[in-house]
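Below you'll find the structure, written out as structure tokens, and then a few comments.
The values are calculated or read from the model by the stated rules, or taken from the named source; none is laboratory data. Nothing here was measured: the structure is a model prediction, and the numbers come from that model. Cβ coordinates were reconstructed from backbone atoms using ideal geometry, including for glycine residues, and neighbour counts include every protein chain displayed. To get the accessible areas, we keep the full protein, side chains included, count just its heavy atoms, and leave off ligands, DNA and RNA. Shrake-Rupley method; radii C 1.70, N 1.55, O 1.52, S 1.80 Å.
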Amino acid sequence: QVQLVESGGGLVQPGGSLRLSCAASGFTFSIYVMGWYRQAPGKEPDLIASITSTGGSTNYADSVKGRFAISRDNAKNTVYLQMNNLKPEDTAVYYCATWVGRRHWGQGTQVTVSS
């Protein structure tokens, strides 16, 4: 079955950087679009970044455009989210996701941006 395991979250000061990773298994990773969602406390999850199967095209929510970068390594079945210039409003649980028949996502990793 589809398994997605996120890692790399933590506490960071405003202006700092983090790189999230998501290890995927249970499906043919290299042929599926991958994405990152985040869910802030009391809010619905938002799709903030996505990447095509080959990595040739990416899309970002306006809130993260220019600061975050999604990438993937199909040889390692891993998708990444590089987050730069983090702001307190980026505090959320971050989930990677894919759409194999339906949306699947992992358990999430907490990112807290605070001084």
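Taking residue 69, is it open to solvent by less than 60 Å² (accessible area, probe 1.4 Å), of a type in the set (A, V, I, L, M) and at pLDDT 95 or above?
On the way: open to solvent by less than 60 Å² (accessible area, probe 1.4 Å): yes; of a type in the set (A, V, I, L, M): yes; at pLDDT 95 or above: yes.
Considered against the rule, which asks whether it is open to solvent by less than 60 Å² (accessible area, probe 1.4 Å), of a type in the set (A, V, I, L, M) and at pLDDT 95 or above, residue 69 comes out as yes.
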(request) Considering each of 63, 25, 21, 30 in turn, give the residue that is in contact (Cβ under 8 Å) with a residue 40 or more places away in the chain, closer than 20 Å to residue 93 by Cβ and surrounded by fewer than 18 Cβ atoms within 10 Å (Cβ to Cβ). (result) 21
(message) Just to verify a result, which residue in segment 42-93, among those that are assigned to a loop (DSSP other than H, G, I, E, B) and aliphatic (A, V, I, L, M), is nearest to residue 17 (Cα to Cα)?
(response) 86
(request) Pull up segment 105-114, narrow it to residues that are open to solvent by 30 Å² or more (accessible area, probe 1.4 Å) and touching a Phe, Trp or Tyr at 6+ places or on another chain (Cβ under 9 Å), then point me to the one that is farthest from residue 14 (Cα to Cα). (result) 105
(request) Filter segment 72-101 for residues that are under 24 Å from residue 14 (Cα atoms), of a type in the set (A, V, I, L, M) and open to solvent by 30 Å² or more (accessible area, probe 1.4 Å) and give the result. (result) 93
